[in-house]
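Notes to accompany the following structure.
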Amino acid sequence: AAKRRGRNTLVQFRPSMALEAQAKLRNIEELRQAIAQQQFQLEYQPLIELETGHIFGVEALLRWMHPVRGRISPADFIPLAEETGLIVPLGAWILQTACAQAAAWSAKGLPPVTMAVNVSARQFREKGLQADVAAALASSGLPAERLELELTESAIMEDVGAATATMNALRGLGVHLAIDDFGTGYSSLSVLKTFPVRRLKIDRSFVHDIPADQDDIAITAAIISLARTLHLEVIAEGVETQAQFMMLKQMGCMAAQGFLIGRPMAAAAMAERLACDHASLTQR
Ligand code: C2E
Ligand code: MG
Ligand code: MG
Ligand code: MG
């Protein structure tokens, strides 16, 4: 059936629309089942100090191990999880798992690292986030200051007043906050200084064409200098080449993350990496 929408706008019904709707319902059902059947895993990627190469933290990254389609990237299902609200129970599981992992590494005698966990816009808006964070800390025994929540600029800028209140409440629990993908959103520089965040993560789109692209170098330098002015720590994401690494170090960037330093890896591999890092530190 065709339906009139205003003047001269005719929306033609296409069979493909029904198929798309069906496919979406199937995807939602699959996602729901995946949560129930625990088809998710976390991988961990090292965060290093540029000066020393020391691993001071890891970022937890979600993977969906689909029984038929294999490994699915978060970019392909987080939007649907957001839309359906399934991100809330999934997010609680992520917090629990990441905190438990960090605590388990410490229990094995590995040096304490910061555990960075991504929090989506919807999760950040939901009332239960604080309780979920508190529960993950309590059940794992991880000290609150070892957990860092990564928020995106867009999630914060949606409603600056509400976001500031939420951020203050989270800080009140003792956890730290970072702004992820910095530079891609619309942070007003004037409010940035009022946010209780400790770190800016320079989006990897700016790092990608360093050192060839002068504009990207200028933007990255501006973010590094902004961070210094506001007494924030700064980390460059997506460092893939030695040239990027050297340039960032020269520019005074404090920290880096990327495939050059380490790909996201399973917990066991990350434990080995942490043990090596520790051994090399104690030899110095
Ligand atoms: P993000 O938080 O900015 O995470 C960094 C992404 O960059 C990860 O992609 C990581 O694998 C990738 N990456 C790291 N180093 C490099 C590099 O050198 N080159 C390139 N090309 N990529 C690099 P991933 O794991 O596919 O995650 C994509 C996004 O999905 C994340 O971006 C984050 O926004 C979201 N995400 C991942 N895990 C979670 C989660 O547990 N919860 C929520 N809410 N979102 C998550
Ligand atoms: Mg992140
Ligand atoms: Mg990022
Ligand atoms: Mg990103």
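The values are calculated or read from the model by the stated rules, or taken from the named source; none is laboratory data. Predicted model, so just to flag it, every value in this text is computed and none were measured. Note that each Cβ is placed from the backbone with ideal geometry, even for glycine, and that neighbours are counted across all protein chains shown. Accessible surface is based on the protein model in full, side chains and every heavy atom, while ligands, DNA and RNA are left aside. Shrake-Rupley method; radii C 1.70, N 1.55, O 1.52, S 1.80 Å.
Can you tell me the orientation of helix 267-283 relative to the chain, as the angle in degrees between its alpha-carbon axis and the longest Cα principal axis, to the nearest 10? Helix 267-283 and the main axis of the chain meet at about 20 degrees.
Projecting the Cα atoms of I87, A121, L47 onto the charge dipole of the stretch 40-159, computed from C-beta unit charges around the Cα centre, puts I87 farthest toward the positive end. Split the accessible area of the chain by element, probe 1.4 Å, and carbon with sulfur accounts for 55%.
Rolling a 1.4 Å probe over the protein chains gives E237 an accessible area of about 20 Å². How much of the calculated P(r) for the stretch 1-122 lies past 18 Å, in percent of all Cα pairs? Summing the P(r) tail past 18 Å for the stretch 1-122 gives 64 percent. To the nearest Å, what is the center-to-center distance of the stretch 11-59 and the stretch 111-144, using C-alpha atoms only? Measuring centre to centre over Cα atoms gives 19 Å. Between the C-alpha center of the stretch 200-251 and that of the stretch 66-88 there is a gap of 30 Å.
How tilted is helix 87-107 with respect to the longest principal axis of the chain? Cα atoms for both, answer in degrees (0 to 90, nearest 10). So the helix axis and the longest Cα principal axis differ by about 20 degrees. With kT/(6 pi eta Rh) evaluated at 25 °C and eta = 0.890 mPa s, and Rh the Kirkwood radius from Cα pairs, the stretch 109-244 diffuses with a coefficient of 155 µm²/s according to Stokes-Einstein.
Is any residue of the stretch 193-212 close enough, with backbone N under 14 Å, to a label point placed 7 angstrom from the Cα of A243 along the Cα-Cβ axis, and if so, which? From the stretch 193-212, the list is 207-212. Can you list the residues of the stretch 43-59 with backbone N under 13 Å from a point 7 Å past the Cα of S280, pointing along Cα to Cβ? Only 46-56 fall inside the zone, counting backbone N under 13 Å. One decimal place: the segment Q41-R69 gains 8.6 nm when fully extended, by the rule 0.36 nm per residue minus the C-alpha distance.
Per residue, the chain exposes an accessible area of 50 Å² to a 1.4 Å probe, with every protein chain left in place. When shorter helices are ignored and each DSSP H run of at least 4 residues is given -39500 (n - 2.57), the per-residue value for the chain at 222 nm works out to -15000 deg cm²/dmol.
Computed from Cα positions, the angle between helix 214-229 and the longest principal axis of the chain comes to roughly 70 degrees.
For the chain, the antiparallel share of DSSP beta bridges with both residues in that region comes to about 45%. Here V68 sits with roughly 130 square angstrom of accessible surface, probe radius 1.4 Å. When Y186, Y44 are compared by accessible area at a 1.4 angstrom probe, the order from most to least is Y186, Y44. The trypsin sites (Lys or Arg not before Pro) of the stretch 8-99 that meet both conditions, a loop assignment by DSSP and at most 10 other Cβ atoms within 10 Å of the site Cβ, are R69. Of the whole protein surface, M246 contributes about 100 Å² of accessible area at a 1.4 Å probe radius. Largest accessible area first, the residues H278, H54, H231 order themselves as H231, H278, H54 under a 1.4 Å probe with ligands, DNA and RNA left out.
Among S190, S154, S225, the residue with the largest mean-square fluctuation in a Gaussian network model of the chain, with springs joining Cα atoms closer than 10 Å, is S190. Of the residues P15, P211, P196, the one that moves most in a GNM of the chain with alpha-carbon contacts below 10 Å is P15.
Judged by the gyration tensor of its Cα atoms, with axes a ≥ b ≥ c, the chain is prolate; a/c meets the 1.5 cut and a/b is the larger of a/b and b/c.
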